[in-house]
Every structure is written in structure tokens, then in C-alpha cells.
């Protein structure tokens with residue numbers, strides 16, 4: 001029985017590895033520390049996606065601290081924004097940068113009105129995929145999301161780059 005289980009585990013291990021893939025990275029300095037987050041997807045799921053509304057696109061990048069997950073929120077980094085293309089000029093609107101320092105309910109975040117900045121250096125569609133590349137920076141304020149309570153004494157500075165090839169909203 002033990003040999004059968006071991007054989008089964010060996011057979012399914014390559015399938016699990018193939019199903020999970022890294023489709024981008026976010027690299028940044030977070031409060032003086034160099035960090036990397038991985039944008040991942042499997043055939044069934046990704047927390048990163050985009051949607052084209054014709055006049056604008058929305059983009060959500062969800063970076064994980066490890067390469068082998070699509071679901072973890074521990075210390076994850078989210079970058080979200082809308083983008084328009086006016087005569088070849090990419091215009092970013094409503095950027096948000098969210099560091100899930102303590103999960104989904106207590107996080108460090110900044111929105112456009114807080115000074116969050118995202119600049120795109122490239123955005124190109126190919127079929128149902130979107131390749132985006134750019135830079136971002138923000139002063140992230142610790143926030144209890146459910147209570148909408150901010151702690152202006154608990155701020156983390158972040159600045160970095162991202163490059164990702166993401167699929168559409170599923």
C-alpha cells in the first residue's frame with residue numbers, strides 16, 4: 001500500500017508543477033528592504049486579471065511572496081488601476097497599492113488621493129492576455145479595512161517595478 005501511495009505521489013507531482021506558473025513579478029523596496037512578489041496562475045484560477053470596457057481597462061496585479069500559490073494572502077502585494085489609451089498615451093487612473101501586512105482585514109494601503117502613483121511603460125493585448133509593465137510608489141498607511149480606521153503613525157514607503165502577462169477576469 002505504501003509503495004502504491006508513493007507511486008501515485010510521483011505521478012501527480014509533475015502535473016501539479018505544470019498547472020502552476022509564474023506570469024509576472026513585482027520587485028520593490030518596502031520600508032528599506034528589497035522584496036519580490038510573484039504573479040501566478042493556474043488553469044483554474046488567478047488573483048490577477050484585467051477587463052476591457054472599450055473606453056478603459058481595469059488591471060489588478062496580485063503578488064504572492066512565494067512562486068507556488070495562487071491563493072495566499074500572507075504579506076501579498078496588490079496593485080490596481082484603470083488605464084486609458086489616448087492617441088498612444090497610456091493614462092493611469094485611480095491607482096491603489098495594498099500590502100496585506102496582516103491579511104485582508106488589516107493592511108497597509110494607499111489610493112490615488114493618498115499619493116499612490118502608478119506609471120505604465122507598456123500595455124499590450126494579445127488575444128485574451130494583457131502584458132503590462134511599469135513602476136509604482138506609495139506611502140502605505142496601516143488601515144483596519146473593516147472599520148475604515150487609519151493609523152497615520154504606521155506608514156511604510158514602497159517603490160518598485162512590475163511586469164506581468166495576465167489573463168482576463170474569470
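The values are calculated or read from the model by the stated rules, or taken from the named source; none is laboratory data. Only a predicted model underlies this, so the values are computations on that prediction, with no experimental measurement involved. Note that each Cβ is placed from the backbone with ideal geometry, even for glycine, and that neighbours are counted across all protein chains shown.
If you go through segment 42-54 one residue at a time, how many are more than 15 Å from residue 26 (Cβ to Cβ), touching a strand residue (DSSP E or B) at 6+ places or on another chain (Cβ under 7 Å) and not in a strand (DSSP E or B)?
0
Within the bounds of segment 113-120, is there any residue that is surrounded by 17 or more Cβ atoms within 10 Å (Cβ to Cβ) and closer than 17 Å to residue 24 by Cβ?
Yes, segment 113-120 contains at least one residue that is surrounded by 17 or more Cβ atoms within 10 Å (Cβ to Cβ) and closer than 17 Å to residue 24 by Cβ.
Could you count how many residues in segment 119-170 are over 13 Å from residue 61 (Cβ atoms) and either in a strand (DSSP E or B) or touching a helix residue (DSSP H, G or I) at 6+ places or on another chain (Cβ under 6 Å) (or both)?
The total comes to 27.
Take segment 70-90 and flag every residue that is part of a loop (DSSP other than H, G, I, E, B) and in contact (Cβ under 8 Å) with a residue 40 or more places away in the chain.
Matches in segment 70-90: 70 only.
So in segment 91-112, with the set limited to residues that are assigned to a strand (DSSP E or B) and surrounded by fewer than 16 Cβ atoms within 10 Å (Cβ to Cβ), which one is modelled with the lowest pLDDT?
103
Working only within segment 86-119, note down all residues that are on the phi > 0 side of the Ramachandran plot and in contact with a strand residue (DSSP E or B) (Cβ under 7 Å, 6 or more places away or on another chain).
94, 115
Would segment 65-84 turn up any residue that is in contact with a strand residue (DSSP E or B) (Cβ under 9 Å, 6 or more places away or on another chain), at pLDDT below 80, more than 23 Å from residue 111 (Cβ to Cβ) and crowded, with 17+ Cβ neighbours inside 10 Å?
yes
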